1. If we sort 60-73, 42-55 on the protection proxy, mean other Cβ atoms within 10 Å, highest first, what's the order?
2. With r defined as the distance between the Cβ atoms of residue 143 and residue 56 and R0 fixed at 35 Å, what FRET efficiency is calculated, to the nearest 0.05?
3. At 7 Å along Cα-to-Cβ for each site, give me the label-to-label distance between residue 150 and residue 18 in nm.
4. Could you list 121, 26 so that the one with the fewest beta carbons within 10 Å of its beta carbon is first and the one with the most is last?
5. Starting from the Cα of residue 157, step 7 Å along the direction of its Cβ; do the same at residue 46; then give the gap between the two resulting points in nm.
6. If I stretch the segment between residue 67 and residue 35 completely, what's the gain in nm (0.36 nm per residue apart, minus their alpha carbon distance), one decimal?
7. For region 98-163, place one equal point scatterer on every Cα, skip the solvent, and apply the Debye formula. What is log10 of I(q)/I(0) at q = 0.11, 0.25 Å⁻¹?
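No value in this document is a laboratory result; all are computed from the given coordinates. Remember, predicted model here, so these are calculated numbers, not experimental data. No Cβ is skipped: glycine too gets one built from the backbone with ideal geometry, and neighbour counts run over all protein chains shown.
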């Protein structure tokens, strides 16, 4: 299928923010996340397949985003670099901060927990869908969600009353 300029613009409008947020939760760096957004939409223009429906289209775009983030993290020069954000010890996700420490706590989680929390709570995916997207069993996804929630509860216990 050949994409028109109008269809590409619609895809960017519809999925651009989602791809940026997902990339940011994975990479923890706004500049790298923006690079991934560009890479993802270039891949969409190159390989855009026929989709069954909008849900299939969205999950394909999310899978491409996750894979692009993984590839970016695996680059050799990426392993040894430090971001200016780390050096300056300032957060780059202020634009996504809603005034609570929940986002900060989520961003402090290890990758495997952060991704499932993001997909489940921010994107609304079910555990079977997340399982397909990240290539793990459903039981593993449920375990990751449980452990992530436990860690978040521990980190946020002083701010929120869970009793």
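1. Details: 60-73: 18.1, 42-55: 11.3.
Output ranking for 60-73, 42-55: 60-73, 42-55.
2. FRET efficiency, residue 143 to residue 56: 0.85.
3. Taking the two extended label points, one gets 3.1 nm.
4. Working: 121 14, 26 22.
In order of increasing Cβ crowding within 10 Å: 121, 26.
5. Result: 4.8 nm between the two label points.
6. Details: separation 32, 0.36 × 32 = 11.52 nm, distance 1.35 nm.
Gain in length upon complete extension: 10.2 nm.
7. Cα-only, vacuum Debye calculation for region 98-163: -0.26, -1.07.
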